[in-house]
Amino acid sequence: MSSIAFANIGSLVTNDESLGADDSADKRIGERSHAGLVVEHGRVVWVGDSADLPAADSRVDVGGQAVIPGFVDSHAHLMFAGDRAAEFSARMEGKAYSAGGIKTTVAATRAASDDELAENLLSLIAEMHASGITTFETKSGYGLSVEDEVRLLRIASAHTSETTFLGAHVVPAEFAERGPTGVDEYVSLVTNQMLSGVAAHSKWIDVFCDRGAFDVDQAREILTAGIAAGLAPRIHANQLSNIGAIELAVELDCASADHCTHLSERDIELLASSNTVATLLPGAEFSTRSAYPDARQLIDAGATVALATDCNPGSSYTTSMPFCIAVAVREMHMSPAEALWSATAGGAAALRRTDVGHLGLGAAADFVILNAPSHQHLAYRPGVNLIGQTWRNGKLITPSGQIKQGHSHD
Ligand code: NIG
Ligand code: FE
């Protein structure tokens, strides 16, 4: 494979402190101006001043625009059929969001063919690429039977290595209607037959630990079974209420605790002193008209914060990371640099990945050329499509930009 030199980058965000300019405002994002970048074999092999660019097989002139690491979306639910636009409209007219709406999507998903599910997934992936996402995670959780959970994860695993078994999303109607006995039977199904069936296709295990879903003891039992089967834990925590999910997340060393909408001071301290990333999902508060968590408090306490889309048909039907960044800056009190870091390096930390989320030497050559001179425009110009080109593993995957290229590479 040939090498490509990217010249004339107005502002390059690397998320590698050692590559940033000494006078940059937020050192963590490793930003430098008038930069150049060389990629080869799908990796970053050189970063420096554009004027010093070494020779390469081909050259792309970025024309003074900004280049940022590709977004790492560490939390999405892409395996579903149908939509719930009517439920969204009802909410905007005052109806409250509840976990119960998940059952509508479960019915539509069970009725869909493998081809329909794969097609829906592919169209969401195309949207993600167009929004600058180069790595994404997806959960199951709208099948809730052994057969359906297995097929969701089998289809997903053909498109991403970041697959998450969320059989414990809610208790499906056929079990819930039998009361506590049915609930116990469902937990047992999840931790036994369902887990064995999905294990080959799943990297992670997740539980929706909240009011109307699973309590802390059930979540512990399910996550522990997943860990024993070789899956790594993550958790939906404190979206609708605080039932103690953060303590469990830290106890089990979950890679991330996601949502974090309702946090106590103690939860913030626990997250700050752990390896568990606090993943914030602004699209969910936006679409359920809920109060936003305060990222400022988490960051100031020393917690690692990730931003993700939570793309799903119920509570956050967006694949746009720039939208999430804009909302996080405006409503969660993050600086534009912090939000960018959280949507890239933060997402990588939430997936415990070191190869993505930054453009340090040796990193995957996953990046976005913006139609803007600085990453700050992502929040400063909300709702405007600023994604010029998305490159993944050194290859252009979304060629919708206006960037002038030099002679093309083979
Ligand atoms: O992350 N919180 C649980 N699961 C999804 C919502 C699912 C749905 O409403 O369909 C979420 O927001
Ligand atoms: Fe979610």
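Taken together, the values in this text are just the output of simple stated rules run on the coordinates, not laboratory data. If you're wondering where the values come from, they're calculated on a predicted model, not measured in any experiment. Neighbour counts are summed over all protein chains in view; Cβ atoms, including those assigned to glycine, are modelled from backbone coordinates with ideal geometry.
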Between Ala111 and Asn385, the FRET efficiency computed from the C-beta separation at R0 = 45 Å comes out, to the nearest 0.05, as 0.85
Rounded to one decimal in nm, the spacing of the 7 Å Cα→Cβ label points at Ser58 and Ser98 is 5.6
For the stretch 277-380, inverting the pair-averaged 1/r of distinct alpha-carbon atoms gives a Kirkwood value in Å of 14.0
Of 163-169, 7-13, ordering from highest average Cβ density within 10 Å down gives 163-169, 7-13
Along the dipole axis of the stretch 72-350 (charges at Cβ: +1 for Lys and Arg, -1 for Asp and Glu; origin at the Cα centre), the most positive-end residue among Leu231, Pro336, Leu280 is Pro336
Given a Förster distance of 45 Å, the FRET efficiency implied by the Cβ-Cβ spacing of Arg28 and Arg178, rounded to the nearest 0.05, works out to 0.30
Full extension between Ser123 and Ile397 adds, at 0.36 nm per residue less the Cα distance, a length in nm of 97.2 nm
Among Ser24, Gly42, Gly10, the residue whose Cα sits farthest towards the positive end of the charge dipole of the stretch 1-63, when +1 is placed on the Cβ of each Lys and Arg and -1 on the Cβ of each Asp and Glu, is Gly42
GNM of the chain, Cα pairs under 10 angstrom: of Ile222, Ile299, Ile369, the biggest fluctuation goes to Ile299
In nanometres, the difference between 0.36 nm per residue of separation and the alpha-carbon distance of Arg43 and Glu247 is 69.6 nm
Per the chain, sqrt(5λ) over the Cα gyration tensor eigenvalues, sorted largest first, in Å, gives 37, 22, 19
At R0 = 41 Å the Cβ-Cβ FRET efficiency linking Gln193 and Glu331, nearest 0.05, sits at 0.45
Note on the chain: contact order normalised by length, alpha-carbon pairs under 8 Å, 6 or more apart, percent, works out to 21
Expressed in nanometres to one decimal, the distance between label points 7 Å along Cα→Cβ at Ser89 and Ala301 is 4.0
